[in-house]
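Participant: I am attaching a structure below and will ask some questions about it afterwards.
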Amino acid sequence: MTQLPNIITLLRIAGSMGLLLFDVAGVMFWIIYGLCGISDIVDGWLARKLKCVTKKGALMDSLADICFVACCAWKLLPILELPQWLWLWAGVIVMIKVVNQLSALVMDGCCCFPHTNANKITGFLLFIAVPMTLCTVIPITIVASIATFAAIHEGHYIRTIC
């Protein structure tokens, strides 16, 4: 029972890879997308509920998040018509997160993927905003604002707590 959260996380990785097999316009893509998003919430909640939170599980969760974002990006970015300034903003957020990881690597000799409340809120809002971005850039712009704060907050967290 204590491995159930990790199993759910592994299923999210498999589901993320499964997204690559389906057309974005198809129902299966969005069913898998929804299941992956729900599993992201459920695995952490279940780990806390079963009192089986581990560093390995947290790392797996972060890797599953990266896999999900990468697979979604692979499928969705070619069809989204985002303005150049939004691409640049996303690049800045990615650079902040890369600097955060390099900082953790230099300071502690390992990467640190903190599950701060700001990161959790960003992930949840990004999950909701992505489908809406097919119609308008306003939701993703709001998420970009929150993601910028979360990335800066993550850097502070890494330097003071990790």
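Participant: Give a residue-ordered list of calculated ³J(HN,Hα) values for the stretch 118-134 (Karplus: 6.51 cos²θ - 1.76 cosθ + 1.60, θ = phi - 60°; whole Hz; x for Gly, Pro).
Facilitator: Karplus values, whole Hz, x for Gly and Pro: 4, 5, 5, 5, 4, x, 5, 5, 5, 4, 6, 6, 4, x, 5, 5, 5.
Participant: Here's a follow-up. Rounded, prolate or oblate for the stretch 78-128? Axes are the square roots of the Cα gyration tensor eigenvalues, ordered a ≥ b ≥ c, and the cut-off for rounded is a/c under 1.5.
Facilitator: oblate
Participant: Residues of the stretch 80-102 with amide nitrogen under 11 Å from the 7 Å Cα-to-Cβ point of residue 148?
Facilitator: Within reach of a label on residue 148: 86, 89-90, 92-93.
Participant: Given a cut-off of under 8 Å on Cα pairs at least six residues apart, what relative contact order in percent is computed for the chain?
Facilitator: 23 percent
Participant: Determine which residues of the stretch 64-105 fall in the zone a paramagnetic label at residue 138 would reach in this model, i.e. backbone nitrogen under 18 Å from the point 7 Å along Cα→Cβ.
Facilitator: Counting backbone N atoms under 18 Å from the label point, the list is 81-83, 86.
Participant: Under 5 Å between amide hydrogens, which residues at least 5 positions from residue 113 or on another chain qualify, with H placed 1.01 Å from N in the peptide plane?
Facilitator: none
Participant: Out of every Cα pair in the chain, what percent are spaced more than 29 Å from each other?
Facilitator: 19 percent
Participant: For the chain, what is the mean residue ellipticity at 222 nm derived from helices alone (per DSSP H run of n ≥ 4: -39500 (n - 2.57); sum divided by total residues; nearest 500 deg cm²/dmol)?
Facilitator: Result for the chain, helices only: -27000 deg cm²/dmol.
Participant: Per residue, how much accessible area does the chain show when a 1.4 Å probe rolls over the protein heavy atoms, in square angstrom?
Facilitator: 59 Å²
Participant: What is the distance in Å between the Cα centroid of the stretch 54-82 and that of the stretch 102-160?
Facilitator: The stretch 54-82 and the stretch 102-160 have Cα centres spaced 12 Å from each other.
Participant: Provide the gained length on full extension for the span residue 10 to residue 56, in nm with one decimal, where the gain is 0.36 nm per separating residue minus the Cα-Cα distance.
Facilitator: Separation in residues times 0.36 nm, less the Cα-Cα distance, equals 15.3 nm.
Participant: Determine the share of the chain's accessible area contributed by carbon and sulfur atoms, expressed in whole percent, with a 1.4 angstrom probe.
Facilitator: The nonpolar share, carbon plus sulfur, comes to 76 percent.
The values are calculated or read from the model by the stated rules, or taken from the named source; none is laboratory data. Everything numeric in this text was worked out from a predicted model, so none of it was measured. Virtual Cβ from ideal backbone geometry, glycine too; neighbours counted across all protein chains shown. Calculation scope for accessible area: heavy atoms of the full protein, side chains included, ligands and nucleic acids excluded. Shrake-Rupley method; radii C 1.70, N 1.55, O 1.52, S 1.80 Å.
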